[in-house]
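Take a look at the structure below.
The values are calculated or read from the model by the stated rules, or taken from the named source; none is laboratory data. Since the structure is predicted, the reported quantities are computational estimates derived from the model, not experimental observations. Cβ placement follows ideal geometry from the backbone for every residue including glycine, while neighbour counts extend to all protein chains displayed. Heavy atoms of the whole protein, side chains included, go into the accessibility calculation; ligands, DNA and RNA do not. Shrake-Rupley method; radii C 1.70, N 1.55, O 1.52, S 1.80 Å.
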Amino acid sequence: MRELRARMERLEAAAALMDELATEWITREYAGRADEGRVTATVDAVGTLLALDIHPLSMRRLDSRSLAEAVVTAVRRAEAAAEAAKEQMLRGGLEAAGVPHLTGLLGDARRAFDERASPEGADRL
């Protein structure tokens with residue numbers, strides 16, 4: 001019974017820590033760069049574009065197609081930075097709370113969700 005109670009307390013502590021980390025993650029902004037840092041996109045935690053800065057040199061030097069590709073690259077890199085921060089937050093929070101084994105379960109659940117959310121997975125439902 002004590003062991004079960006101790007596990008429950010660890011899980012409660014993990015949940016509280018994850019709440020704190022999630023609050024920090026969601027309030028941060030994430031940046032991605034392209035064209036040697038002259039194109040910068042800033043997104044929030046869920047990937048909403050907050051800012052796009054294009055240096056005048058990029059506007060003069062790049063044709064419209066290349067500039068568009070640089071913008072898309074910068075946005076994708078910013079989104080990847082937000083996703084990486086989320087993964088780090090999940091792993092770090094679970095390890096700090098003493099329940100690192102849940103990281104694998106979360107990864108499995110995320111993969112299953114992604115498979116079902118993909119167009120190919122929707123066809124199997």
| task | Keeping the other protein chains in place, figure out the carbon and sulfur percent of the accessible area of the stretch 1-68, with a 1.4 Å probe. | result | 53
| Net charge near Ala41, counting Lys/Arg +1 and Asp/Glu -1 over other residues with Cβ under 11 Å of its Cβ? | 0
